[in-house]
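Participant: This structure is in structure tokens; I'll ask about it shortly.
The values are calculated or read from the model by the stated rules, or taken from the named source; none is laboratory data. Computed from a predicted structure; not experimentally measured. Because the Cβ atoms are built from the backbone with ideal geometry, glycine has one as well, and the counts that use them run over all protein chains shown.
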Amino acid sequence: MRADRESASKVDESNLMHSYKQLQFFDTLALYFNRIHDGAREKAVFPHVPMSANRDVDVTITPMSEDRYEASPWPVYGESLQVSFEGRYMQPAASGTKTAPEASKLPIEKQVVTLSVLDSVG
């Protein structure tokens, strides 16, 4: 790709690192939403989120309600971003037992959350 004039800029080291950091932000954001029950999520800071190929910031995600979250500073285009995900809520195995319930037998639940820039979406 580096030999091709049209694609060479896409594999430039700074653009690759920018893309990697974007992927890392969305990957850790997915972990934030999927490892903590919606009622138990707290404010979280995501470091090194790229605003451009040459500028990173720490983005703070603040729960506003169970399905609305504020991001500051806002790291993506537009004023809001709606994401959805599905999963099963598991509880720790009861004391004295060796295994937790079989995950495939637990109900699948879907969540939809909206991330928005401060005061942009009411």
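Participant: For region 95-122, which residues satisfy the criterion of being in a loop (DSSP other than H, G, I, E, B), aliphatic (A, V, I, L, M) and either surrounded by fewer than 10 Cβ atoms within 10 Å (Cβ to Cβ) or within 20 Å of the chain's Cα centre (by Cα) (or both)?
Facilitator: Initial filter on region 95-122 (in a loop (DSSP other than H, G, I, E, B)): 95-102, 106-108, 118-122.
Right, trim to aliphatic (A, V, I, L, M) and you get 100, 106, 108, 118, 121.
The answer is ILE108, LEU118, VAL121.
Participant: Being in contact with a Lys or Arg (Cβ under 8 Å, 6 or more places away or on another chain) and without any contact (Cβ under 8 Å) to a residue 40 or more places away in the chain is the filter here; which residues of region 26-54 pass it?
Facilitator: Within region 26-54, the first condition is being in contact with a Lys or Arg (Cβ under 8 Å, 6 or more places away or on another chain), and the residues that meet it are 32-33, 48-50.
Those that are in contact with a Lys or Arg (Cβ under 8 Å, 6 or more places away or on another chain) and without any contact (Cβ under 8 Å) to a residue 40 or more places away in the chain: TYR32, HIS48, VAL49, PRO50.
Participant: Something else about it: If I filter region 54-82 down to residues being within 24 Å of ASN15 (Cα to Cα) and aromatic (Phe, Trp, Tyr), which single residue comes out as surrounded by the most Cβ atoms within 10 Å (Cβ to Cβ)?
Facilitator: TRP74
Participant: Hey, another quick one. For residues that are surrounded by 12 or more Cβ atoms within 10 Å (Cβ to Cβ) and either touching a Leu at 6+ places or on another chain (Cβ under 8 Å) or free of Cβ contacts under 8 Å to residues at least 24 places away in the same chain (or both), scanning just region 83-93, find the one that is farthest from LEU115 (Cα to Cα). Give the derivation first.
Facilitator: Let us first name the residues in region 83-93 that are surrounded by 12 or more Cβ atoms within 10 Å (Cβ to Cβ), namely 83, 85, 87-88.
Subsequent filtering for residues that are either touching a Leu at 6+ places or on another chain (Cβ under 8 Å) or free of Cβ contacts under 8 Å to residues at least 24 places away in the same chain (or both) retains 83, 88.
Working: VAL83: 8, ARG88: 22 Å.
In this case the residue turns out to be ARG88.
Participant: Go through region 33-53 residue by residue and tally those that are surrounded by 15 or more Cβ atoms within 10 Å (Cβ to Cβ) and at pLDDT 95 or above.
Facilitator: 3
Participant: Any residue in region 58-79 that is of a type in the set (A, V, I, L, M) and out of contact with any strand residue (DSSP E or B) (no Cβ under 9 Å at 6 or more places or on another chain)? Working first, answer last.
Facilitator: The initial filter retains those residues of region 58-79 that are of a type in the set (A, V, I, L, M), namely 59, 61, 64, 71, 76.
With the extra rule that they be out of contact with any strand residue (DSSP E or B) (no Cβ under 9 Å at 6 or more places or on another chain), the set shrinks to none.
Checked against the condition, which is being of a type in the set (A, V, I, L, M) and out of contact with any strand residue (DSSP E or B) (no Cβ under 9 Å at 6 or more places or on another chain), region 58-79 yields no hits at all.
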